[in-house]
Structure formats: C-alpha cells, structure tokens
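Right, one structure below, let's go through it.
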Amino acid sequence: MSVKITVLGAGQEVGRAAILVEDSNENAVLLDYGVTFDESDIPVLPLGVKPCKLRAIAVTHAHLDHVGAVPMLFVSTRRPVVMTELTKELSKMMIEDMMKLAGYYLPFEHQELEKMLECTKEVSIGSELWLDGIRMELINAGHIPGSVMIRLDMKNRTILYTGDVNTIDTRLVRGASLSGVEANVLIIESTYGNVDHPDRKRVEDKFIETVKEIIEEGGTALIPAFALGRSQEILALFAERMPYADVYYDGMARRIMDLMLAHPRYINRIDLLKKAAQLFTPVQGTGMRKKILKEKGAVIVSPAGMLKGGPSLYYLKRLWKDRKSAVFLVSYQAPSTPGRRLLSEGVIEDGMSRIGARVYWFDFSSHAGASGLMRLIKEVKGLEKVIIVHGNDATAYELAYKVKEELGVDVFVPKNGESVEV
Ligand SMILES: [Zn+2]
Ligand SMILES: [Zn+2]
C-alpha cells in the first residue's frame with residue numbers, strides 16, 4: 001500500500017506551503033496551508049483540498065506562508081489542527097493582522113479563524129501524538145520560536161516534513177538537528193538551497209560596528225525587520241552587545257515580543273529577550289515617532305521588513321535625505337518589493353530622488369544554507385526519497401542535483417499540483 005504526496009503550494013516557489021499526504025484508504029493529512037502575496041499585496045491561496053477527507057492538519061510555524069490559509073478549511077467542517085502552543089498564539093495574531101489588511105480578498109472570516117483555534121491541539125516540541133491511527137511527532141525546526149518539523153507514520157511509511165528550518169543556534173531558537181531520526185521520505189525546504197550564508201558571528205560583528213558608527217555620528221539607525229522573529233532576534237542582539245543604546249521597537253514587533261516573553265520555554269536566550277524588554281522602549285503612536293526622529297543617535301527596529309508598509313516606511317520617508325542616518329536591511333528582500341528596489345536602485349518608487357541616507361544589507365537569515373540543508377538530509381536514517389519544495393528554480397534544482405550526486409536517492413522537485421507516490 002502506497003502513500004501519495006501532493007504539493008498544493010510551495011512547489012518550485014517560496015511561499016504558500018501546502019503538502020497533502022494521503023494513503024490508499026483516503027486517510028489524508030495536510031501539512032501547512034499558507035498564503036503568498038502578489039505584487040499588489042493580494043493574498044494568493046494554495047490549491048484546493050476537500051477538508052472533509054482530512055484526518056488532521058499540522059502546522060509547522062506561524063509565518064503566513066505556512067498558516068495563512070488554514071481558516072479556509074473551517075468554512076464547512078471541523079478538523080483537528082496540530083501545532084505548538086506558541087504557534088497557535090502567534091498564528092492568531094498574524095492571521096488577524098492579515099485580515100485587517102486584506103480581509104476583502106480572503107475566503108474566510110473571523111468565525112472560521114475562531115473555529116480553527118478551537119480545533120487546535122497544542123503539542124509540545126519533542127512529543128508525539130496519535131490521531132486516527134496516524135502517528136505524528138514534532139521536532140524542533142530552529143527557524144522561529146515555536147517552529148517544528150513534522151514526522152508522520154502512515155501505512156508503514158515514515159514521512160518527515162521540515163517546514164522552514166535553520167541549523168545554527170540563534171538567540172531566539174536552537175538550531176535543528178535530525179541525527180538519529182529515521183524517515184523513508186524527506187520533504188525539505190530549499191529557500192537557500194544553492195548558497196551558504198556568511199558566518200553569523202562575523203555578520204553580527206560588522207552589523208554592530210556599523211550601527212555604532214552611525215549613532216556615534218548622531219545619525220539614526222533604522223532597522224526594518226519582520227515583526228515575527230527577526231525583530232526580536234535583533235533586539236536580543238542589541239541587549240547583548242549594545243545595552244547602552246537608545247533602542248526603540250515599533251509596530252507588531254511589540255505585541256509579538258510580549259507573546260514570546262510569556263512563553264519562555266520556546267526561547268533559547270530568554271535572558272537576553274527579557275533584558276531587551278527591560279532596556280528598550282516600545283513605541284506608542286505618531287507623536288512618539290516624531291520625537292524619536294528628532295533625537296540624535298536613536299536605533300529603531302520596526303516592521304515591515306521589506307518596507308512594504310508599517311512604521312518602517314514612515315521612518316524611512318522622514319530619514320530619506322539625512323546623510324548621517326542609515327537603513328539596515330536585515331531580512332530577505334523579495335523581488336519587486338520596495339526593500340529590493342532600495343538596494344538595487346536607491347529608490348522605492350518611480351520619480352523620486354535617490355536616497356541620501358546610507359543603505360546596508362546584512363544576512364541574518366533564519367533558513368539553513370545549502371550546507372546546513374545537506375547536513376540535515378545526510379543525518380536522516382533509512383532515507384529513500386527526497387522531495388524538494390519552498391525554493392525557486394535555481395535553489396531547488398541545485399539542491400536536488402547535489403542530493404542525487406552525494407546520496408544517490410530518488411529526488412523530486414514537484415510543481416504545484418504534482419504528486420509523488422512513496
Ligand atoms: Zn517561515
Ligand atoms: Zn516559509
């Protein structure tokens with residue numbers, strides 16, 4: 001009896017992760033169900049699935065490209081959802097925020113989100129559960145607090161799905177490891193399947209040194225960062241290396257900080273996050289923003305990470321011509337985002353003058369690079385097949401080529417809608 005894996009999203013693309021695993025008796029489990037956003041910021045959904053056939057839905061973490069479409073499955077039915085407690089709390093916040101900005105385009109409302117939360121079984125990292133004869137185990141993914149990989153036993157086949165994964169220790173989470181884990185099939189992300197990140201310690205040293213230079217000259221250091229994960233990582237880094245600095249944090253990064261502090265067991269260096277909360281100042285309202293901009297030597301950490309909106313865009317526009325100040329991009333900059341355009345052209349919109357403030361980019365990725373991914377793949381025991389998702393053409397295929405060369409196992413890079421029999 002075989003198991004069929006169908007990619008409903010994240011097939012040869014980064015975003016809207018959605019993987020359907022089903023056996024010949026029509027028992028089905030859905031791993032993640034996320035959204036992606038098009039150039040006009042309209043949510044793009046994964047391919048459809050009949051919710052009534054799902055035995056369970058398992059969610060790896062609270063980024064919208066993994067959880068954003070899950071409430072859609074609750075329009076006409078109720079199914080059990082498995083995730084960590086922190087992922088549940090964070091997902092609620094992230095989905096509510098998306099509904100505020102793009103509710104018109106979404107095929108669900110608050111009621112469906114409520115149903116999803118009611119049906120959620122909170123499972124802690126490292127533990128396992130049985131649902132309708134299907135065994136599930138959650139393994140630390142090292143990506144953001146609360147994130148997990150999912151190991152599934154179905155019809156004598158063991159399937160391991162990484163979600164988004166990182167192998168290095170950060171202040172927020174400990175790196176992932178698969179040593180000693182057995183699986184016949186590995187479904188792995190490949191966001192950075194063809195490159196290695198520079199050494200994290202060196203990136204941090206250079207970043208801290210550059211921020212110091214800017215504030216010592218009386219400029220403002222603006223750090224646009226994703227609200228979930230990157231903002232708190234940067235704040236914890238400042239708490240450790242620049243506790244004396246005037247650091248402010250704004251937007252949804254504030255509420256997420258509070259949530260993380262309320263769930264200390266998910267945080268690697270909770271001491272540093274607590275210290276950041278004690279030393280640094282959350283920003284409340286526009287009046288305070290104006291005051292901060294007049295201050296000399298302020299450091300501001302704020303979403304949106306790709307400058308698509310939020311307070312980071314507000315600050316950027318006001319610091320635009322200030323040659324003493326600098327913008328530090330610390331997150332992935334997707335094509336056709338203002339952040340990417342700022343890096344390549346020095347503008348964020350047509351017809352504007354080039355930025356006068358300095359612009360830097362630092363690689364603080366929370367995804368494993370090519371070597372980290374290869375290490376994880378090699379650690380898995382009994383591996384027969386590898387399915388590569390959550391990467392673009394270049395990253396997914398280069399990783400596929402390497403796996404095939406070095407391990408000789410079957411490798412697949414399915415498109416959305418394609419299935420692999422395992
Ligand atoms: Zn993620
Ligand atoms: Zn992702």
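The values are calculated or read from the model by the stated rules, or taken from the named source; none is laboratory data. Keep in mind that this is a model prediction, so the values were computed, not measured. Here Cβ is always computed from backbone atoms with ideal geometry, including for glycine, and neighbour counts include all displayed protein chains.
Hey, which of the helices (runs of 4 or more DSSP H) in region 282-367, taking only ones fully inside, have at least 3 residues that are without any contact (Cβ under 8 Å) to a residue 24 or more places away in the chain and more than 16 Å from ligand 1 (Cβ to nearest atom)? Can you show your working first?
Working: elements: 285-294, 310-319, 338-345.
Per the criteria, 285-294, 338-345.
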* Asked: Which pairs have Cβ atoms under 7 Å, sit 6 or more apart or on different chains, and link a residue in region 255-278 that is free of Cβ contacts under 8 Å to residues at least 12 places away in the same chain to one that is surrounded by 16 or more Cβ atoms within 10 Å (Cβ to Cβ)?
  -> P264/I270
* To do: Would you point out the residue of region 116-154, among those that are of a type in the set (S, T, N, Q) and part of a strand (DSSP E or B), that is nearest to the chain's Cα centre (by Cα)?
  => N140
* Filtered residues of region 46-92 (kept if within 14 Å of ligand 2 (Cβ to nearest atom) and acidic (D, E)) -> D65
* Of the numbered conditions (1) exposed (fewer than 15 other Cβ atoms within 10 Å of the Cβ); (2) under 28 Å from D23 (Cβ atoms), V67 satisfies every one except a single condition; which is it? -> (1)
* Asked: Yes or no: L228 part of a loop (DSSP other than H, G, I, E, B), on the phi < 0 side of the Ramachandran plot, surrounded by 24 or more Cβ atoms within 10 Å (Cβ to Cβ) and at pLDDT 95 or above?
  -> yes
* Going by the structure shown, is D65 charged (D, E, K, R) and within 15 Å of ligand 1 (Cβ to nearest atom)? -> yes
* **Test result for L383, assigned to a helix (DSSP H, G or I) and surrounded by 15 or more Cβ atoms within 10 Å (Cβ to Cβ)** => no
* Does G372 satisfy the condition of being touching a Ser or Thr at 6+ places or on another chain (Cβ under 9 Å), within 24 Å of S147 (Cα to Cα) and at pLDDT 95 or above? -> yes
* Can you name the residue in region 231-260 that is touching a Ser or Thr at 6+ places or on another chain (Cβ under 8 Å), assigned to a helix (DSSP H, G or I) and not aliphatic (A, V, I, L, M) and is also surrounded by the fewest Cβ atoms within 10 Å (Cβ to Cβ) among such residues? -> E233
* Residues located in region 298-347, provided they are touching a Gly at 6+ places or on another chain (Cβ under 6 Å) and charged (D, E, K, R) -> K321, R323, K324
* To do: Considering every residue within region 182-193, establish whether at least one is over 19 Å from I19 (Cβ atoms) and at pLDDT 95 or above.
  => yes
* Which residue, of S24, S76, is over 27 Å from H263 (Cα atoms), hydroxyl-bearing (S, T, Y) and in contact (Cβ under 8 Å) with a residue 60 or more places away in the chain? -> S24
* To do: Inspect all residues belonging to region 71-84 and state whether any of them is closer than 13 Å to A18 by Cα and within 16 Å of ligand 1 (Cβ to nearest atom).
  => no
* at pLDDT below 95 and not hydrophobic (A, V, I, L, M, F, W, C), is that true of E39? -> yes
* Sort out which residues of region 7-42 are more than 16 Å from ligand 1 (Cβ to nearest atom), over 17 Å from L131 (Cα atoms) and crowded, with 20+ Cβ neighbours inside 10 Å, and write them in order of number. => V7, L8, G11, Q12
* Breaking point among (1) touching a strand residue (DSSP E or B) at 6+ places or on another chain (Cβ under 9 Å); (2) closer than 25 Å to Y33 by Cβ; (3) not assigned by TED's automatic domain parsing to the domain that holds A141, for A357 -> (2)
* Taking the condition part of a loop (DSSP other than H, G, I, E, B), within 16 Å of ligand 2 (Cβ to nearest atom), within 20 Å of V67 (Cα to Cα) and hydroxyl-bearing (S, T, Y), does T191 pass? -> yes
